[in-house]
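Values quoted throughout were computed directly from the atomic coordinates according to the rules given, and no laboratory measurement underlies them. Model, not experiment: these values are computed from the prediction. Note: ideal-geometry Cβ built from the backbone for every residue, glycine included; neighbour counts use all protein chains shown.
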C-alpha cells in the first residue's frame, strides 16, 4: 500500500517508554481514533557507542595537531 508522504509539515512527538515483559509498548498519544500515524522505534544502545568513543580520546591529545589547528 502506497501512502502519500508529501502532505506537508508533520508534527514530531517524542515519547519514552519501556518494553513490557511480553514485548509490547503502550503509548497514549494526542491523536484521534482512526488517525493514521507513522512510528519509528529506536532502541537505546548508545552506551556501547559512548564507551567506544571515550576509550579512544588519546587520539585527540596530540600537540602537533593542536598547533596546526591553532594556525588554521
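Taking a spot 7 Å from the Cα of residue 44 along the direction of its beta carbon, which residues of segment 16-38 have an amide N less than 12 Å from it? Label zone hits: 16-19. Helix 46-55 sits at what angle to the longest principal axis of the chain, using alpha carbons and giving 0 to 90 degrees rounded to 10? Helix 46-55 sits roughly 0 degrees off the main axis of the chain. Look at [x] 1.13; [y] 1.00; [z] 1.97: the one that is Cα Rg over 2.2 N^0.38 Å derived from this structure is [z].
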